[in-house]
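First the structure, in the form of structure tokens, and then the observations on it.
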Amino acid sequence: MIAAEDFKLGLYVHWPFCQKRCPYCDFNVHEVGPDDPTDHQRWASALVRELQHFAPLAQGRKLTSIFFGGGTPSLMQPETVAAVILAAQTEIGFRNDIEISLEANPTSTDADRFTGYRDAGVNRLSVGVQSLRDKALLALGRQHSVEEALSALDVARSVFDNISFDLMYARPRQTFKDWQNELAQALALKPNHISLYQLTIEPNTIFEQLTRKGLIQPKNEDDTADFYIATRQALEAAGYHGYEVSNHAPAPHLQSQHNSLYWRYQDYIGIGPGAHGRLTTGGAKVATRQHRAPTVWLDHVESDAGHATVTQDRLTPEDQLAEALPFGLRLSEGMPLSHYQALAQAPLNAAHLDTLEREGLLTTADAILKVTDEGRPVIDALARYLQS
Ligand SMILES: C[S@@+](CC[C@H](N)C(=O)[O-])C[C@H]1O[C@@H](n2cnc3c(N)ncnc32)[C@H](O)[C@@H]1O
């Protein structure tokens, strides 16, 4: 059993609004249009109230990271971000080296708020650049050009010491050569961290409808795998270690502390519409989920309850393993077998492990479960097989 105090503790804050939903996106997002009518003061109070509800579950642990995700958190007023950070500090407390990240869209109006976020306590900005090609940005339904994204990055760099950005690749009409050029341009910007996601066609998105009608042709598995391998190699050659399947950093201290906490299956509180949390309490891991719809969430938080938790489930050892194993295998550091055993309360299926090792998909050197380069594209299948 891993004692609660050995865990780090994060806070995830979900801001569910976007000016416009991107056609590939299946996140819990609600469009507000250019004249965003959000009552920011009301939202700030509600987020603080829900945070106060969860604070006792920290049980004396201090926060090691906060992540403002979305949606588009750079639509938040800096005062709202400041109110949440201050409440987190007062109600829970911070470790000295706390990482506080915020996801920003690279438009000029979002960039106008960067200084305010820094003054509120944010010390890491994650910018959704998505592509360095105007045609691709248009096809992705983005609300910014490459020029605007580059100037938002310039502003970001003048305000923050720690900047990451996201790109999406293996896009329908993208050529391998052009992606290599685009990637080289991205690396020339010398980000402190870079997330590179293969475009996924998610169910119930406009991209899925377009795919079904034959109006866009997603890349096939072989092409996607080629893009992936070449991308990882180019990043390693440029000094960016792929410490997770899609995430790369030039030094360990620049790896995302908050996201690493998910992959290592450590604890976090989740507030805001649709936010998830995982908290160890009374020796059990509890999964929390908040109401998804912004108005329902707001009503519940403003009621006597003071929170909008829809489900709060104690996870069985099998549940915990089913969550932790695919996450742990995503990390290049792997998952210690001791962590596996503590969660599963049982040893690994030795015969299945042996098969995967012989196939060259997994290794267990130094009692750490690690996927090989061959295993990385099929992590979810490996995790399912190990649990069967
Ligand atoms: C919450 S989203 C974006 C936040 C921010 N509002 C933005 O638009 O940049 C976080 C990241 O997930 C990635 N993402 C979202 N949907 C995706 C999809 N269908 N396929 C691949 N990556 C996706 C994008 O790179 C995005 O930056």
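The values are calculated or read from the model by the stated rules, or taken from the named source; none is laboratory data. All values derive from a computational prediction rather than experimental measurement. Glycine also receives a Cβ, built like all others from the backbone with ideal geometry; neighbour counts cover every protein chain displayed. Ligands, DNA and RNA are stripped out before the accessible areas are found, and what is left, the full protein with its side chains, is counted by its heavy atoms. Shrake-Rupley method; radii C 1.70, N 1.55, O 1.52, S 1.80 Å.
A simple rule links phi to the HN-Hα coupling: the Karplus curve 6.51 cos²θ - 1.76 cosθ + 1.60 with θ = phi - 60°, which for segment 277-288 gives x, 9, 9, 8, 9, x, x, 10, 8, 10, 9, 10 Hz, with x for Gly and Pro. Largest mean-square fluctuation among 37, 23, 218, in a Gaussian network model of the chain whose springs join Cα atoms under 10 Å apart, belongs to 37. The string of couplings for segment 99-115 from the Karplus curve (6.51, -1.76, 1.60, θ = phi - 60°) is 9, 10, 9, 9, 7, 10, 8, x, 9, 5, 5, 5, 4, 4, 9, 4, 4 Hz, one whole number per residue in order, with x for Gly and Pro. Within the same chain, lysines fewer than 8 places from residue 219 are excluded, and of the rest, those with a Cα less than 19 Å from its Cα are 135, 177. Measuring how big segment 113-164 is from its alpha-carbon positions, Rg and Dmax come out at 12.1, 36 Å. Only Cα pairs under 8 Å and 6+ residues apart enter the sum, and on that basis the relative contact order of segment 286-345 stands at 31 percent. For segment 116-131, backbone phi angles converted through the Karplus equation (6.51, -1.76, 1.60; θ = phi - 60°) give residue-by-residue couplings of x, 5, 4, 5, 6, x, 5, 10, 8, 10, 10, 9, x, 6, 6, 7 Hz, Gly and Pro being listed as x. If you wrap a convex hull around the alpha carbons of segment 242-377, what volume per residue comes out, as a whole number of Å³? Residue-normalised Cα hull volume stands at 138 Å³.
Taking the inverse of the mean reciprocal distance over all distinct Cα pairs, the Kirkwood hydrodynamic radius of segment 73-193 comes to 15.3 Å. Cross-link reach is defined here as a Cα-Cα straight distance under 13 Å, omitting same-chain residues fewer than 8 places apart; for residue 20 the aspartates and glutamates meeting it are 31, 35, 36. Beta-bridge orientation, the chain: approximately 40 percent antiparallel, per DSSP, counting only bridges with both partners inside.
Comparing 164, 108, 131 in a Gaussian network model of the chain where C-alpha atoms under 10 Å apart are linked, the largest mean-square fluctuation is found at 108. Amide hydrogen proximity for residue 310: with H placed 1.01 Å from N in the peptide plane, the residues at 5 or more positions away or on another chain lying under 5 Å are 289, 290, 291.
Rounded to the nearest 10 square angstrom, residue 363 shows an accessible area of 50 square angstrom against a 1.4 Å probe. Across the chain, C-alpha contacts under 8 Å between residues 6 or more apart give a mean separation that, scaled by the residue count, equals a relative contact order of 16 percent. So if we plug the beta-carbon distance of residue 135 and residue 108 into 1/(1 + (r/R0)^6) with R0 = 35 Å, what FRET efficiency do we get, rounded to 0.05? For R0 = 35 Å, the calculated efficiency reads 0.95. Residues within the reach of a label modelled at residue 311 (point 7 angstrom out along Cα to beta-carbon, backbone nitrogen below 14 Å), restricted to segment 255-296, are 274-278, 286-292. Computed from the Cβ-Cβ distance with R0 of 30 Å, the FRET efficiency linking residue 158 to residue 91 stands at 0.40. Given segment 1-148 reduced to its alpha-carbon atoms as identical point scatterers, what log10 I(q)/I(0) does the Debye formula return at q = 0.10, 0.13, 0.18 Å⁻¹? For segment 1-148, the Cα-only Debye profile gives -0.39, -0.63, -1.06. Annotation: amide H of residue 280 within the under-5 Å range of 286, sequence separation 5 or more or interchain, hydrogens built in the peptide plane.
Specify whether the C-alpha gyration tensor of segment 317-387 places it in the rounded, prolate or oblate class, a ≥ b ≥ c being the square roots of the eigenvalues: rounded for a/c under 1.5, otherwise prolate if a/b is larger than b/c and oblate if not. Cα axes put segment 317-387 in the rounded bin.
Computed from the alpha carbon atoms alone, the convex hull of segment 1-74 holds 119 Å³ per residue.
The spread of Cα positions in segment 81-138, taken along each principal axis and listed from longest to shortest, comes to 46, 19, 13 Å.
Two decimals, Cα atoms only, Kirkwood Rh: what is Rg/Rh over the chain?
Ratio of gyration radius to Kirkwood radius: 0.95.
Annotation: lysines with alpha-carbon distance below 23 angstrom to residue 62 (same-chain offsets under eight excluded): 8, 285.
GNM on the chain, alpha-carbon springs under 10 angstrom: the most fluctuating residue among 51, 361, 63 is 361. Take the convex hull of the alpha carbons in segment 179-237; its mean projected area over all directions comes to 5.1 nm². Taking 0.36 nm per residue of separation and subtracting the current Cα-Cα distance, fully stretching the chain between residue 357 and residue 237 would add 40.5 nm.
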